[in-house]
Structures are given as structure tokens and as C-alpha cells.
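The values are calculated or read from the model by the stated rules, or taken from the named source; none is laboratory data. In this text the structure is predicted, and so the values were computed from the model without any measurement. So basically every Cβ, Gly included, is an ideal-geometry build from the backbone, and we count neighbours across all protein chains shown. The area values use the complete protein model at the heavy-atom level, side chains included, leaving out ligands, DNA and RNA. Shrake-Rupley method; radii C 1.70, N 1.55, O 1.52, S 1.80 Å.
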Amino acid sequence: MSRKIVIAGGSGLVGKQAAEMLARAGFAVHLVSRRPSHALAPDIEEHVAPTADWPAIVASIKPDVAISGLGTTIRTAGSRDAFRAVDHDLVLAFAQASHAAGAQHFITISSVGAMPASSSFYLRTKADMEQGLRNIGFQRLDIMRPSLLTGGQRDDRRPGEALGILLSPFVDILMFGPMRKFASTSSGKVAKAIANLAKSGDDGVFIHENESINALAG
């Protein structure tokens, strides 16, 4: 029987690519979503429902591995509270439901620079989310900390992000030594790293920044 994967945020930039890679690798891939996704591979099963119904759906799937690609921006969400409701509260609710349903391996997308003492509300929220996941007690927890994501198909257009992507080849040249972790990160490589991590069996908490992501992606 193939291993079961449940993904929240599977219609996003990284989540969709990871879902397709995992399905091609023979995993039984399930997405939980608030809205229907577009152009999903036919062997990916999507469960569209309000977030309040996600725990019951996840319980019925009984996943081996759970992956969160959930995330927004303060600008898109409209306020700090609305942003935190997605990037912190919803991620942890999904993780708790997955753990209760039997998943012992959780993979999440966070951000480079996530620190509790950061001056950035965005990065503090990511750090709080990471700590909340540690507290749940998964046997294995993988935290992806990419920088600016490049490549892939995006559902929304963010002017600041688009400018950053345009300039990234020039800025990345200046990122060497300890600064390499702040260089732009290919969304396809993050997805491939996640797909490869879903096959991992070692226990522990693992942080993956650019060097680790690139190595995992091959």
C-alpha cells in the first residue's frame, strides 16, 4: 500500500509542485483546500471544505506524512491578525489534526531569518509557528526556510516580489559565505526537497536553509 500524504496549501507555488512530484513517485496524495485548485494532476485527490472541517477530513485520510504549504502576506491578508491566523494558527491546527490522525512526520515551509526576537512581525510569526510545531511532538519535523522564491506559476501578482525576482540574479552574486542563505531559492528545488524528505525515516527536528534545500533537491 502506498504511503499517504496530506497537504494543506497544495495549490500554492511550492505545494502544487510538491504534490505532483509525490504523486508521480507513487504516494497517495490528498490536498485539503478552502477553494478548488486549478489543473491538478488526475491522481491527486482534493478535499475542498471550510477549515473547520479539515480535522475530520484529515482523520479520515490517516496520513503517514503531513505537509504545510500554507502562507500569505500581511498585505494580502489585510492585517497582522489575519496574517497570523493563516501563517500561525491554521498551520498549527492542521498539524495538530495530522498528528491526532497518526502522522508522525510533518514538513512545513517557514522563512529564512525566522527568529522570536526579530524586529519583523512576519519573521516573529514564522518563529512562533515553528516553536508550536516542535511542541506538538512529531517524531520527525522538517522546517524549510527558503528565501525569496523564484520560478513556478503564481496565482497572484505582488509588485514588490516581482521586482525582487527580477533583480535576484544580480543580488545573488553578492550573497556568499554566511549570506548564501539569503540568496533567492528556486520554488522547484524547494518542492523537490520536500518530496525527497517525505521519504525520510530518521527522527528529529531539521532546519533546511538554502544549502540543505539545494542538496536535498540534488
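With each label modelled as a point 7 angstrom along the Cα→C-beta vector, the Ala59-Ile74 pair spans 3.7 nm. Within region 78-128, what whole-number % of the accessible surface is contributed by carbon and sulfur, with the 1.4 Å probe and all protein chains included in the calculation? Carbon and sulfur together cover 54 percent of it.
Between Ile207 and Ser2, full extension at 0.36 nm per residue minus the direct alpha carbon distance yields a gain of 71.1 nm. Net length available on complete extension from Glu45 to Lys199 is 53.5 nm, with 0.36 nm assigned per residue and the Cα-Cα distance removed. Using the 1.4 Å probe convention, the accessible area of region 1-89 works out to 48 Å² per residue with neighbouring protein chains retained.
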